[in-house]
Amino acid sequence: MAAWYSSVKHLHLLTVTLTAVMFVLRFYWLQRGSAMLQRRWVRIVPHINDTLLLLSGILLVVITHFYPFTPQGVWLTEKLFGVIIYIALGFVVLGRRPRAQKVRWIAFIVAVAVLVLIYKLATTKVPLLGIV
């Protein structure tokens with residue numbers, strides 16, 4: 001299993017990068033009223049990428065034996081909650097439901113901040129809250 005670690009980690013990092021780039025790009029297109037948001041690939045690629053992101057994350061958990069909701073996986077538990085918060089904010093930012101521009105902007109800024117926190121948790125493996 002350890003032989004797979006490097007490949008799975010690199011896939012995970014690639015999908016994380018694509019998720020962040022596509023999020024910012026789709027928000028930019030939404031703000032500009034761009035027809036790009038209606039393109040088929042723009043509606044499909046993020047879902048495929050996010051599925052690969054989730055699967056690679058699960059594989060990393062299996063390979064590394066860092067499990068959320070355990071004493072050694074506190075940082076991973078926080079990361080998981082961060083991902084859930086990021087997804088919820090993504091619905092506010094990019095959702096079809098009409099929302100005030102101010103609400104979308106605030107949700108966008110908070111979502112980017114959550115991404116930074118998730119990155120910090122993933123790279124340091126030190127919990128931010130320190131709750132065990």
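The table that follows gives values for the structure above.
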read-out: Qualifying residue in the stretch 87-99 (condition: within 30 Å of residue 5 (Cβ to Cβ), small (Gly, Ala, Ser) and assigned by TED's automatic domain parsing to the domain that holds residue 16); value: no
read-out: Filter pass, residue 81 being within 26 Å of residue 126 (Cα to Cα) and part of a loop (DSSP other than H, G, I, E, B); value: no
read-out: Residue in the stretch 101-110 that is within 30 Å of residue 2 (Cα to Cα), in a helix (DSSP H, G or I) and either in the same structural domain as residue 5 (by TED's automatic domain parsing) or of a type in the set (Val, Ile, Thr) (or both) present; value: no
read-out: Residue match in the stretch 65-78 (condition: touching a residue at least 60 places away in the same chain (Cβ under 8 Å) and either in the same structural domain as residue 125 (by TED's automatic domain parsing) or within 19 Å of residue 125 (Cβ to Cβ) (or both)); value: yes
read-out: Matching residues, the stretch 1-45, being of a type in the set (Lys, Arg) and under 11 Å from residue 56 (Cβ atoms); value: 9
read-out: First in the stretch 116-132 and at pLDDT 95 or above, second anywhere and of a type in the set (Val, Ile, Thr), Cβ under 7 Å, 6 or more apart; value: 118/83
read-out: Meets criteria (surrounded by fewer than 16 Cβ atoms within 10 Å (Cβ to Cβ), under 19 Å from residue 111 (Cα atoms) and in contact (Cβ under 8 Å) with a residue 60 or more places away in the chain) for residue 24; value: yes
read-out: Leading residue by the ranking (surrounded by the fewest Cβ atoms within 10 Å (Cβ to Cβ)) among those in the stretch 27-56 that are of a type outside the set (S, T, N, Q) and not in a helix (DSSP H, G or I); value: 33
read-out: Complete set of residues in the stretch 85-100 that are within 15 Å of residue 26 (Cβ to Cβ) and assigned to a helix (DSSP H, G or I); value: 86, 87, 89, 90, 91, 92, 93, 94
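The values are calculated or read from the model by the stated rules, or taken from the named source; none is laboratory data. Bear in mind the structure is a predicted one, so any value in this text is a computation, not a measurement. Cβ coordinates were reconstructed from backbone atoms using ideal geometry, including for glycine residues, and neighbour counts include every protein chain displayed.
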